[in-house]
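Please read the structure below before turning to the comments.
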Amino acid sequence: MIEYQGPYWLVNLPQNWQGHHSSDVENLFSQEGVGAVEVSSMMNEITVKDSDLRIYASEYTDKGVSVDTINLGDFSGLVLEFELEERYYWKSFVKAGSIILFISYDCKISDKHLELDLIKDFLKTLSVNCGM
């Protein structure tokens, strides 16, 4: 496993995966992969509430996308999965204290079985890192 550090968080990436910072997003990917994980983060001045996450997710839930709860290491919140125009989308809005992570992944519907379980597994290693 390779430890990758983003703003306010750390994750253990599997072998052959890497991270790259571009503008306000961290990209996590494998050169042989079929998609990439994008992680945006922000630090709030106050503790983030579940209702705050529901506001961010409302862009999708207002269109009928169902939402579930999820725990990803130190973070907890909401996850949505949906298909649109031959693409599969996995989006998560999670929090830990005053930190919010917006995590997204997409790929062709026919390819989602190739790396989705691996991605869900390594995202469970997310931990808070306020040392940045």
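Every read-out reported here was derived from the displayed coordinates using simple, explicitly stated rules and does not represent laboratory data. Just so it is clear, the model here is predicted, and its values are computed rather than measured. So basically every Cβ, Gly included, is an ideal-geometry build from the backbone, and we count neighbours across all protein chains shown.
Can V94 be described as within 20 Å of N27 (Cα to Cα), surrounded by fewer than 18 Cβ atoms within 10 Å (Cβ to Cβ) and not hydroxyl-bearing (S, T, Y)? Break it down stepwise before answering.
Working: within 20 Å of N27 (Cα to Cα): yes; surrounded by fewer than 18 Cβ atoms within 10 Å (Cβ to Cβ): no; not hydroxyl-bearing (S, T, Y): yes.
Answer is no for this residue.
Out of E32, E45, report the one residue that is more than 16 Å from W9 (Cβ to Cβ), part of a loop (DSSP other than H, G, I, E, B), among the acidic types (D, E) and in contact (Cβ under 8 Å) with a residue 24 or more places away in the chain.
Working: E32 fails: in contact (Cβ under 8 Å) with a residue 24 or more places away in the chain.
Going through E32, E45 in turn, the sole match is E45.
Does region 25-46 hold any residues that are among the charged types (D, E, K, R) and either touching a strand residue (DSSP E or B) at 6+ places or on another chain (Cβ under 6 Å) or surrounded by 13 or more Cβ atoms within 10 Å (Cβ to Cβ) (or both), and which are they? Before you say what the answer is, go through the steps one by one.
Our first condition is that a residue be among the charged types (D, E, K, R); within region 25-46, this holds for 26, 32, 38, 45.
Selection gives E26, E38.
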Inset, instruction - Name, by its number, the condition in (1) out of contact with any Phe, Trp or Tyr (no Cβ under 9 Å at 6 or more places or on another chain); (2) over 21 Å from G19 (Cβ atoms); (3) surrounded by fewer than 15 Cβ atoms within 10 Å (Cβ to Cβ); (4) not hydrophobic (A, V, I, L, M, F, W, C) that does not hold for S66. - result: (1)
